[in-house]
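So the structure is just underneath, and the comments pick up after that.
Values in this text are rule-based calculations from the coordinates and carry no lab data. Just so we're clear, the structure is a prediction, and the values are computed from it rather than from any experiment. Methodologically, a virtual Cβ is constructed for each residue, glycine included, from the backbone with ideal geometry; neighbour enumeration extends over all protein chains shown.
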Amino acid sequence: MKKVYTCFCTDIIHEGHLNIINKAQKYGEVYVGVLTDEAMVKFNRFPTLDFKERVQLVKNLKGVKEVVIQDEIMYDKVIDKLRPDYVIHGDNWLQGNMKVIRDNVEKLLSAYGGEIIDVPYTYNENVKRLDAQIKEKLSMPEYRRKRLRQLIKLRPIVKTIEVHSGLTGLIAEKTVVEHNGEFDQFDAMWVSSLCDSTAKGKPDIELVDMTSRFRTIDDVMEVTTKPIIFDGDTGGLTEHFVYTVRSLERMGVSAVIIEDKTGLKKNSLFGTDVVQTQDSIEHFCEKISAGKKIQLTDDFMIIARIESLILNMGMDDAMARARAYVKAGADGIMIHSRRKDPDEILEFCRLFRKEDKNTPIVVVPSSFNSITESELAAAGVNIVIYANQLTRSAFPAMEQTAKDILKYHRAQEVDSRLLPIKDIISLIEEL
Ligand code: SPV
Ligand code: MG
């Protein structure tokens, strides 16, 4: 019997998948690959069924000879082991990002005379509706909230990008790249106080009130499914912070990060150029504990942000605070620095990891931007936040366009660098 292989990167079986199995059966015995969670979250949406459930789902399908575990998006290992005579797939992989997968499969099969079978991709009203239902489920608070903890387990490092609107939310949600045969996407979103304030033309001094910050979260949540980390600034008064925790948790936000400053908060990247007061360890611990006591689920995370390095208070102070904050109940530590080189961040990670193997570490490499994600992961960092790059790239582009329209008294000169009109009017899909 010939062997036919197909890989399902899905947590729902619909007529499209059944069609592939039917066609495959005509060529031989059907082996179906199921992608592991780790491989799936790299470029697809988060699975709503876990790996074991997905294996069971496929195992129960009529016509499936065997389920094969595929732990990478690329088929190299599976093809090497199984040596299928055919690989069958929907013809949607003839274009876009997925073409590189098809090209790779073609190369692997041609080494021993195997063949690809492309079948017409099924995307009718029924499949579209099932797809929408899964997205809806993923966006629900009870599913979205716990996803950050799940991703910390699944990803070498959770890549987080700043969002401050529905539009930036869509960029965080949908952008997937293929580079050198590797797929990548952002895992989570950061609702930055700096960028949320900047988008409203306000300074980053806790001036934009919580009602408005929640409105931003809601705009983002309306159009996305990925987990949200909220920049809670100082958390405000402890008596107010507990209400913030309850609201964020109810909305389905996964984590709040609060920084150990008090009084008028200024952005950390000013460092000691402006007056900034660090909170006492005792008082900040009380705030963390109060927040942990009030939350209702085990999913929500309160992450304590240490400003000691920003305020030149030294590594010993940073470490003493890290110890105390974890003891007070913090679910993670964010360590910040505004140095160009990552040395002090790496030193903190080394010292902290010596004492504490598990508490997640979060970093925001805006200044120390030469360090790579894999270097951070190797140092024990769990979450990297690209905290302001979308806003900082949009502003100069918009300003230049405004200047050029003023200069040329028309818009023709700027047109070549704009999103085409046909693309902007269809950028947002209607229901
Ligand atoms: C933010 O994005 O608002 C932050 C990170 O708090 S930083 O601007 O580096 O302080
Ligand atoms: Mg901030």
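Quick notes on this structure:
- Stokes-Einstein D (µm²/s) once Rh is taken as the Kirkwood radius of the range 209-357 over alpha-carbon pairs, at 10 °C in 1.306 mPa s: 100 µm²/s
- Projecting the Cα atoms of ALA322, ILE21, MET210 onto the charge dipole of the chain (Cβ charges, centred on the Cα centre) puts ILE21 farthest toward the positive pole.
- Radius of gyration and maximum dimension Dmax of the range 300-389, Cα, Å: 12.0, 33
- Kirkwood Rh and Cα Rg combined as Rg over Rh, evaluated for the range 272-431: 1.14
- For the range 1-127, averaging the sequence separation of C-alpha pairs within contact (under 8 Å, six or more residues apart) and dividing by the residue count gives a relative contact order of 29 percent.
- Proximal lysines relative to LYS403, as straight alpha-carbon distance under 25 Å, when same-chain residues fewer than 8 apart are discounted: LYS200, LYS202, LYS422
- Per residue, the chain reaches -13000 deg cm²/dmol at 222 nm when only DSSP H runs of four or more residues are counted, each adding -39500 (n - 2.57).
- One way to sum up the overall shape of the chain is the equivalent ellipsoid from its Cα gyration tensor, whose semi-axes run 43, 27, 21 Å, largest first.
- Relative contact order of the chain, pairs being alpha-carbon contacts under 8 Å that are 6 or more residues apart, as %: 12 percent
- Its alpha carbons considered, the range 1-111 gives a radius of gyration followed by a Dmax of 13.0, 37 Å.
- Residue-count net charge about PHE43 - beta-carbon cut-off 15 Å; Lys, Arg +1, Asp, Glu -1: -2
- Based on the reciprocal of the average 1/r between different C-alpha atoms, the Kirkwood radius for the range 139-233 equals 14.0 Å.
- Relative contact order (%) - the range 156-269, alpha-carbon pairs under 8 angstrom, separation at least six: 27 percent
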